[in-house]
Each structure stands twice: as structure tokens, then as C-alpha cells.
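The values are calculated or read from the model by the stated rules, or taken from the named source; none is laboratory data. Everything quoted here is computed from the prediction, not taken from an experiment. All Cβ positions, even for glycine, are placed from backbone atoms using ideal geometry, and neighbour counts span all protein chains on display.
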Amino acid sequence: MDKDLVILVPDKNIESTVKTLLQRPELLGIPRIQFDILVHPQRDPGCRLRAHQLLRSQARRYRYALVIFDRVGSGGESLSASQLEEKVRLELERNGWPGRAEVVVLDPELEIWVWGTSPLLEETIGWHLDLSLREWLIQKGLWKSNHPKPEAPKEALEETLFHLKVSRSSSLYVKLAERVDRTVLERCTDRSFQRFREILWGWFAS
């Protein structure tokens, strides 16, 4: 095997986030690993339907394979995140990765991770209103007051950045992943992030 891990993602934002986190392995509780990240040209639907085709040729080069994509936009919205994960994982198992592949579906999308870093997000984007960002989004109807995160995280982020005249680029995701600390990650209750971290622990922490 040439390297430890190959990761297939649907876009540059997820690529940037995952790459930056893996470049801080102590934050994730794993040793430094050798990895490559591939971006599927057909984005989320490609990851859902054809990950096994793209990764089949990589099975002898890497110890493990991980596929990450958004549930919303994948074409599989009628299924739960866990159901999608199982379907894609089984295809990978049948195509050269028995016992060596896992799948993480971001539900509904990557921005659910962003809202787990709310205080850092305000600092990173230069939030300057007297209201907190959460309070502002509640007034906008984009965050229910009894919910820990916006129900439509991508829409909430886009509305925030539009208000601040800040572009939504992969550099924002890099800055957040560079600034996040272990305390913030330990407080994160998002299922997909916990799964991401547990998969890495299972493969590399021992």
C-alpha cells in the first residue's frame, strides 16, 4: 500500500475542510497519516452512485477508503443518512474494499459542521451587529429558537455572508478548520462529524 487513506468528496469546500482537519491530527486524536483527497466530477450524485467505480482502481494503493457527501443534492433524499451510507459502503465492499471502506453522509449538508463552530464563525466572518448571529437568524426565520443549529444550514450561511458581503469560498472552511480547537470538537453533537471522527479512530488511533 502506498498510503493510508483515500477520501472521495463531491466539492472543494468539503475537500478543504477535511484536508485542513487531517493536517491537524492531534485535534482528531490520531497520528499523522498519509492521505489523498479526490473530488468526484459529478459531485454528490457521483459520490452516491459511482464512488465504487472511481475507487476500484485505487484499492491496492491505499489501506482504507472514505467517501463523504451531502445528503441534500445527492439524489437520495428519500433515504436516511445511515441508509445511504450502507448502500454506498456495500458497493465499495463488492469492488475491492472488503472491510476497508466507510461512508459519511452529511445531513443535510457540510454547513451543519460550520454551525457547530458558531462563536468561531462570528469571529471569522467579522460579525459586527449588536445582535448575536443566532439572534439575527432567529429574527430572519432561519433558526428556530429551540434548535441548536439552523434547519437549513447552507441557506443560513449564505444569507449571513450575503448580508456581510462576504463570498462563500473554500477559504472560509479552511479558516474555520484551522481555528477550531479540541473543546469545540468535543462539544459537537452532529452525527456525521462524530461518525467521521470515530471512523478515523477505529482505523488509526490504536
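The single condition from (1) crowded, with 21+ Cβ neighbours inside 10 Å; (2) free of Cβ contacts under 8 Å to residues at least 60 places away in the same chain that F69 fails is (2). Filtered by the rule that a residue be within 12 Å of A177 (Cα to Cα) and part of a helix (DSSP H, G or I), region 2-24 gives N13, I14, E15, S16, T17, V18, K19, T20, L21, L22. The lone criterion from (1) over 17 Å from the mean Cα position of the chain (by Cα); (2) not in a loop (DSSP other than H, G, I, E, B) left unmet by P31 is number (2). The residues of region 51-66 that are within 19 Å of the chain's Cα centre (by Cα) and either part of a strand (DSSP E or B) or free of Cβ contacts under 8 Å to residues at least 40 places away in the same chain (or both), listed by number, are Y64, A65, L66. Being closer than 20 Å to D107 by Cα and either more than 24 Å from the chain's Cα centre (by Cα) or modelled with pLDDT under 95 (or both): is that true of E159 here? For E159, the condition - closer than 20 Å to D107 by Cα and either more than 24 Å from the chain's Cα centre (by Cα) or modelled with pLDDT under 95 (or both) - is not met.
Summed over region 153-193, residues that are over 27 Å from P25 (Cα atoms), small (G, A, S) and touching a residue at least 12 places away in the same chain (Cβ under 8 Å) total 1. Listed by position, the helices (runs of 4 or more DSSP H) contained in region 139-206 that have at least 2 residues being more than 18 Å from I14 (Cβ to Cβ) are 153-164, 182-187. G141 satisfies every condition listed in (1) touching a Lys or Arg at 6+ places or on another chain (Cβ under 8 Å); (2) at pLDDT 95 or above except (1). Note on region 95-138: residues that are part of a loop (DSSP other than H, G, I, E, B) and among the hydrophobic types (A, V, I, L, M, F, W, C) amount to 5. Of F196, F204, F162, all but one fail to be under 28 Å from L129 (Cβ atoms) and among the aromatic types (F, W, Y); the exception is F162.
One residue stands out in region 72-129 among those that are closer than 21 Å to V174 by Cα and of a type in the set (D, E, K, R): the one that is surrounded by the most Cβ atoms within 10 Å (Cβ to Cβ), namely E109.
Within the bounds of region 2-14, is there any residue that is at pLDDT below 95, surrounded by fewer than 21 Cβ atoms within 10 Å (Cβ to Cβ) and among the charged types (D, E, K, R)? Checking region 2-14: at least one residue is at pLDDT below 95, surrounded by fewer than 21 Cβ atoms within 10 Å (Cβ to Cβ) and among the charged types (D, E, K, R). Of the set (1) free of Cβ contacts under 8 Å to residues at least 12 places away in the same chain; (2) within 18 Å of the chain's Cα centre (by Cα); (3) under 19 Å from L5 (Cα atoms), all apply to L90 but (2).
Within region 107-119, can one find any residue that is at pLDDT below 95 and more than 14 Å from the chain's Cα centre (by Cα)? Among the residues of region 107-119, at least one is at pLDDT below 95 and more than 14 Å from the chain's Cα centre (by Cα), which makes the answer yes.
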